[in-house]
Amino acid sequence: MRKTLRVWVVVGVVGCGGAGEAAPALSDRVEEEVATFLGSYLTAVETRDVALLRTLYADDGRFQWIEDGEVRYRSPDDVLAGLTALPIDAAIRTEYDGRGIARVGNSGARVSTRFHPVIGEGPGAFECGGMMTMVLERGPTDWRIVGGHTSSARQDGR
């Protein structure tokens with residue numbers, strides 16, 4: 001189960017929704033920036049580029065990653081430790097479906113998507129899937145991940 005949780009964080013890419021008024025529509029430029037950021041994030045995860053990944057997370061004490069109702073990671077270092085704990089020879093591939101990007105205020109974005117990561121190859125590969133969300137914030141130079149969430153579909157359909 002712990003491995004499943006690590007996998008979700010490592011391959012995670014998306015945002016957190018809130019109640020209240022709907023956010024204004026994204027400008028094409030912001031949507032392009034976020035899509036580019038997400039592509040860079042996915043590549044960094046799949047190539048295990050820890051140095052780049054470290055720059056993609058907010059590292060000011062606000063970061064949280066929630067999985068199935070619990071805070072699992074409280075810092076970028078926690079996430080990166082999960083990535084480095086995976087077998088080095090295991091390929092990481094992730095498919096996303098139904099990505100949505102929504103603006104949050106003047107400097108934020110929420111991304112949501114269904115995800116299906118595969119770690120390793122052949123009969124020993126590990127697969128899981130579910131829904132992910134991620135909160136991004138635009139800083140002076142680029143976007144950063146402030147927090148995220150993954151949840152899996154339950155076998156009983158709930």
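Residues that are at pLDDT 90 or above and among the hydroxyl-bearing types (Ser, Thr, Tyr) were ranked within the range 26-48; the one that is surrounded by the most Cβ atoms within 10 Å (Cβ to Cβ) is Tyr41. Residue count for the range 51-91 under the criterion of being under 27 Å from Gly122 (Cβ atoms) and among the charged types (D, E, K, R): the result is 2.
Can you tell me which residue within the range 130-158, out of those that are of a type in the set (D, E, K, R) and modelled with pLDDT under 85, is farthest from Ala44 (Cα to Cα)? Lay out the reasoning, then the answer.
Of the range 130-158, the ones of a type in the set (D, E, K, R) are 137-138, 142, 144, 154, 156, 158.
Add one more test, that the residue is modelled with pLDDT under 85, and what stays is 154, 156, 158.
On the way: Arg154: 29, Asp156: 34, Arg158: 33 Å.
Ranking the qualifying residues of the range 130-158, first place goes to Asp156.
Within the range 70-123, the residues that satisfy the criterion of being aliphatic (A, V, I, L, M) and at pLDDT 90 or above are Val71, Val79, Leu80, Ala81, Ile101, Ala102, Val104, Ala109, Val111.
Just checking, how many residues over the range 29-54 are in contact (Cβ under 8 Å) with a residue 24 or more places away in the chain and closer than 26 Å to Ile88 by Cα? Spell out how you get there, then give the answer.
So the first thing to find is which residues in the range 29-54 are in contact (Cβ under 8 Å) with a residue 24 or more places away in the chain, and the list is 30-31, 33-35, 37-38, 41-42, 45-46, 48, 50, 53-54.
Subsequent filtering for residues that are closer than 26 Å to Ile88 by Cα retains 37-38, 41-42, 45-46, 48, 50, 53-54.
Qualifying residue count for the region: 10.
The values are calculated or read from the model by the stated rules, or taken from the named source; none is laboratory data. All values derive from a computational prediction rather than experimental measurement. Because the Cβ atoms are built from the backbone with ideal geometry, glycine has one as well, and the counts that use them run over all protein chains shown.
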